[in-house]
């Protein structure tokens, strides 16, 4: 299927977790659609590789731990000295190990929630004032079907993503009187490196729940994110857009 490019001319986008997987594919489509893209990632080697592979003058990057508020705030302040931030894709996330809640490592549980929920908060908290100033913004928070249904042996991931959904609904309402849209997307399992963090049994259990009978393709996900990030999305906000192949029906 031919990819449709959106009009992102004169728009600047930040994509967290942008050096791989969903984030990298979104970056490619944004760049092809005329946007200036800043990818944030905690992995310097992946940033170096993806920046080299994309080889685009409109692409820049920062090594950022989104769970570190001060680090995020400092970077945002530097960016807005030179450019507005029009689009924010909160994509950074980790699944963590699979384990029953009563046996879950406490520090790992906190780390997963810090990245998946607090990371989303930190980026929104620091970037939204610039969007309000310009009365324009599009925010897409990458949650998960796990945040709706809850995945067994993945309580930290499920809780963090459920929190991101609640954050989206609250924030979208707070900004509804402005030209700023805030939405969440809830993908089922997709063919990305995040599957490598899970056991084969857990991956198979995820797949068995999808009526489509296959994992989500990255390009399918990117298309939805692009529309939500575009000026064409003039009315949808504080909403959760499912892309789970029929697993979730609400």
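The values are calculated or read from the model by the stated rules, or taken from the named source; none is laboratory data. In this text the structure is predicted, and so the values were computed from the model without any measurement. With ideal geometry, Cβ positions are generated from the backbone for all residues, glycine too; neighbour counts draw on all protein chains shown.
Key figures
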{"item": "Single match in 165, 180 (criterion: in contact (Cβ under 8 Å) with a residue 60 or more places away in the chain, under 30 Å from residue 85 (Cα atoms) and touching a strand residue (DSSP E or B) at 6+ places or on another chain (Cβ under 9 Å))", "result": "165"}
{"item": "Test for residue 240: is it in contact (Cβ under 8 Å) with a residue 12 or more places away in the chain, farther than 16 Å from residue 26 by Cα and touching a strand residue (DSSP E or B) at 6+ places or on another chain (Cβ under 6 Å)", "result": "yes"}
{"item": "Strands (runs of 3 or more DSSP E) lying entirely in the range 10-105 (those with 1 or more residues that are in contact with a strand residue (DSSP E or B) (Cβ under 7 Å, 6 or more places away or on another chain), surrounded by fewer than 19 Cβ atoms within 10 Å (Cβ to Cβ) and modelled with pLDDT of 95 or more)", "result": "59-63"}
{"item": "Candidates 152, 248, 236, 144, filtered to the one that is under 13 Å from the mean Cα position of the chain (by Cα) and assigned to a loop (DSSP other than H, G, I, E, B)", "result": "144"}
{"item": "Any hit, the range 189-205, residues being touching a helix residue (DSSP H, G or I) at 6+ places or on another chain (Cβ under 6 Å) and more than 25 Å from residue 108 (Cα to Cα)", "result": "no"}
{"item": "Test: residue in the range 121-141 that is free of Cβ contacts under 8 Å to residues at least 24 places away in the same chain and touching a strand residue (DSSP E or B) at 6+ places or on another chain (Cβ under 9 Å)", "result": "no"}
{"item": "Test for residue 230: is it surrounded by fewer than 21 Cβ atoms within 10 Å (Cβ to Cβ), touching a residue at least 12 places away in the same chain (Cβ under 8 Å), in contact with a strand residue (DSSP E or B) (Cβ under 9 Å, 6 or more places away or on another chain) and farther than 30 Å from residue 11 by Cα", "result": "no"}
{"item": "Lone qualifier among 194, 139, 127 - being part of a helix (DSSP H, G or I), closer than 30 Å to residue 85 by Cβ and modelled with pLDDT of 95 or more", "result": "127"}
{"item": "Residue match in the range 225-232 (condition: within 19 Å of residue 35 (Cα to Cα) and more than 17 Å from the chain's Cα centre (by Cα))", "result": "yes"}
